[in-house]
Amino acid sequence: MPTKTPITVAHGDGIGPEIMSATLRILEASGAALEIETIEIGEKVYLRGNSAGIDPSSWDSLLRTKVFLKAPITTPQGGGFKSLNVTTRKTLGLYANVRPCVSYYPFIETKHHDMDVVIVRENEEDLYAGIEYQLSPEAMSCIKLISRPGSEKIVRYAFEYARLHKRKKVTCFSKDNIMKMTDGLFHKVFDEIAPLYPDIQNEHWIVDIGAAKLADTPEAFDVIVMPNLYGDILSDVAAQIAGSVGLAGSANIGGKCAMFEAIHGSAPRRAGQNLANPSGLLLGAVLMLVHINHPEAAERVHNAWLRTIEDGVHTYDIYTEGVSVEKVGTREFAAAVIARLGQKPNRLKVVSYAKGDGKALENPVAASSAQMELKGVDVFVYWPSRNPNALAEAMGKLVGAGLAGNDLAGDGLELQMIDNRGVKVWPAGRAETFCIDSFRCRFMAERQIGMDRILALLGRVSAAGIEIAATQSLRNFDGQPGFTLAQGQ
Ligand code: NAD
């Protein structure tokens, strides 16, 4: 008897308990040597007043087993509830979200007969860092945070994944024609790492046209690596066009822990009716078996599942008259997979897994350093009159030297420009530009300055009764500006 691997299991909300029970029955029947610890997460925990949706004692289990098989949960709307999925991924350092999206034509209806795409989504950064602010009555902002270590880890993971799984190509999606610094860094890191894998082709697509191509011709892609938000959206698109969102599983991989789930949510409208397709969670569990080095069980379950699909035993979401043979519920589908354990598909590709297929990737990141020079400050202010010229005049009076050559009374800082939503509106703004009540004033110095100068300036702005919403230091890094120009600057 092999030693049992401890895993933590959560049954979740909505259709979660039904698809988890189906999945666990199949895993048990497959002979997978697992020791299951069950924790409670999600709606019930939220509604007990725990805004994180997970009790502290549940973390003990996760940190002990380091492997989490999780059913989908319902996040109650509003009320300050934090997404448990995002919290778990970030707390456990699960930086890579791997989502294989495969079509099973002609057994499951799809326009894309040869689709076999793996989306590797960055899981901790981007707009999902969750750093949001209200700047003024009219303006909200969300910080898009992309780091070099975060980008290096995910891009290296994508290439290592491609090599291990004998994939031919890794494609990067980004929007670096617009977000030159954040997505620009992601693309740059991709270009640095790709040549280290000469056996694997590489290419980059701007995400909008890349998404259109993926939806139209998914067979043109193999492994696609992308920042968090694009990966979230496009993996749902990819799963749906492959046949159903109910089909795809996902692995969230970190250096120490891993979490496995279906990509879909808790589908509350389908709950408790023995309707839901357990395939997404089951394929997530297959990824888990590979990860914890139980390749035989992974292979048995995956091939039996393929055979079930091939035999036309389908839940409602993939059932098509004339293609499917039998429409079944969640429990009957699980029984059909169990009855086929040990069998292989006849026409769909048989899968095989080997020891070490889920080997952990050593993914060290080197510290970065740069020569940094403080050059100025952007001051975001609330200016309800929405008149940029009046704002420039107020700032000009403040600095004492007027608007012409508005040197700030010995600070060495000049009001260089004012913008509104990223468009320059002073000096020489256009009357046509629509302004909201939140402006950015850029103060720059000729030479490097000290932070004391900036603090003195902020003190004067505040003393003049101008509401400061946020400030951002402007620095050069190794002589290159660490900030973009405004549109029209
Ligand atoms: P959803 O994915 O739960 O469901 C959308 C629709 O897809 C369903 O109405 C159903 O028609 C279909 N569907 C999804 N899974 C299916 C399955 N296994 N079998 C058959 N049909 C299936 O998305 P939603 O309705 O936007 O979200 C519902 C809840 O799930 C929300 O509270 C959301 O926050 C949560 N959610 C959780 C996770 C997670 O836990 N990982 C992920 C996404 C959404």
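Some notes on this structure:
- Overall form of segment 9-144 per C-alpha gyration tensor (a/c, 1.5; a/b vs b/c): oblate
- Dipole check for segment 7-153: with +1 at the C-beta of Lys and Arg, -1 at the C-beta of Asp and Glu, and the Cα centre as origin, the magnitude is about 200 Debye.
- If both residues of a DSSP beta bridge must be in segment 5-339, then about 45% of such bridges are antiparallel.
- Average accessible surface for the chain: 45 Å² per residue, computed with a 1.4 Å probe over protein heavy atoms with every protein chain in place.
- The peptide list 45-55, 261-271, 244-254, put in order of mean Cβ contacts within 10 Å with the highest first, becomes 244-254, 261-271, 45-55.
- Alpha-carbon Debye profile of segment 372-481, log10 I(q)/I(0) at 0.20, 0.22 Å⁻¹: -1.05, -1.24
- Helix-only mean residue ellipticity at 222 nm for the chain, each DSSP H run of n ≥ 4 adding -39500 (n - 2.57), per residue, nearest 500: -10000 deg cm²/dmol
- Above 19 Å, the calculated P(r) of segment 304-403 contains 71 percent of its Cα-Cα pairs.
- Selection among Asn389, Asn476, Thr330 by position relative to the dipole of the chain gives Thr330 as farthest towards the positive end (Cβ unit charges, Cα centre).
- From most to least packed by mean Cβ count within 10 Å, the peptides 306-312, 390-396, 223-229 give 223-229, 306-312, 390-396.
- Overall, the chain carries a charge dipole of about 500 debye about its Cα centre when +1 sits on the Cβ of Lys and Arg and -1 on the Cβ of Asp and Glu, all other atoms neutral.
- The modelled label-to-label distance for the pair Leu458/Arg430, using points 7 Å beyond Cα in the direction of Cβ, is 3.4 nm.
- Kirkwood analysis of the Cα pair distances in segment 323-377 returns a hydrodynamic radius of 17.9 Å.
- Convex hull volume of segment 237-334 per residue (C-alpha atoms, cubic angstrom): 109 Å³
- Across segment 363-376, computed HN-Hα scalar couplings (Karplus, 6.51 cos²θ - 1.76 cosθ + 1.60, θ = phi - 60°) run 9, x, 10, 6, 6, 9, 9, 7, 6, 10, 10, 7, 10, x Hz from first to last residue, x flagging Gly and Pro.
- Relative contact order for the chain, counting Cα pairs under 8 Å that sit 6 or more residues apart, in percent: 16 percent
- Of the trypsin sites (Lys or Arg not before Pro) found in segment 157-214, those in coil by DSSP whose Cβ has at most 12 other Cβ atoms within 10 Å are Lys166, Lys168, Lys180.
- Shape of segment 184-296, Cα gyration tensor, a/c cut at 1.5: oblate
- Seen from Ile338, the other residues with C-beta closer than 14 Å to its C-beta sum to a net charge of +2, counting Lys and Arg as +1 and Asp and Glu as -1.
- Calculated on C-alpha atoms, the gyration radius of segment 93-141 divided by its Kirkwood radius gives an Rg/Rh of 1.30.
- For the chain, the fraction of 1.4 Å probe accessible surface lying on carbon and sulfur atoms is 52 percent.
- Each peptide among 353-360, 87-94, 339-346, 147-154 gets the average number of other Cβ atoms lying within 10 Å of its residues, and from highest to lowest they stand as 147-154, 87-94, 339-346, 353-360.
- Measuring only protein heavy atoms, the 1.4 Å probe finds Glu332 accessible over about 80 Å².
- At 1.306 mPa s and 10 °C, Stokes diffusion of the chain via Kirkwood alpha-carbon radius, µm² per second: 63 µm²/s
The values are calculated or read from the model by the stated rules, or taken from the named source; none is laboratory data. Keep in mind the model is a prediction, meaning the values are calculated, not measured. Methodologically, a virtual Cβ is constructed for each residue, glycine included, from the backbone with ideal geometry; neighbour enumeration extends over all protein chains shown. Accessible surface is based on the protein model in full, side chains and every heavy atom, while ligands, DNA and RNA are left aside. Shrake-Rupley method; radii C 1.70, N 1.55, O 1.52, S 1.80 Å.
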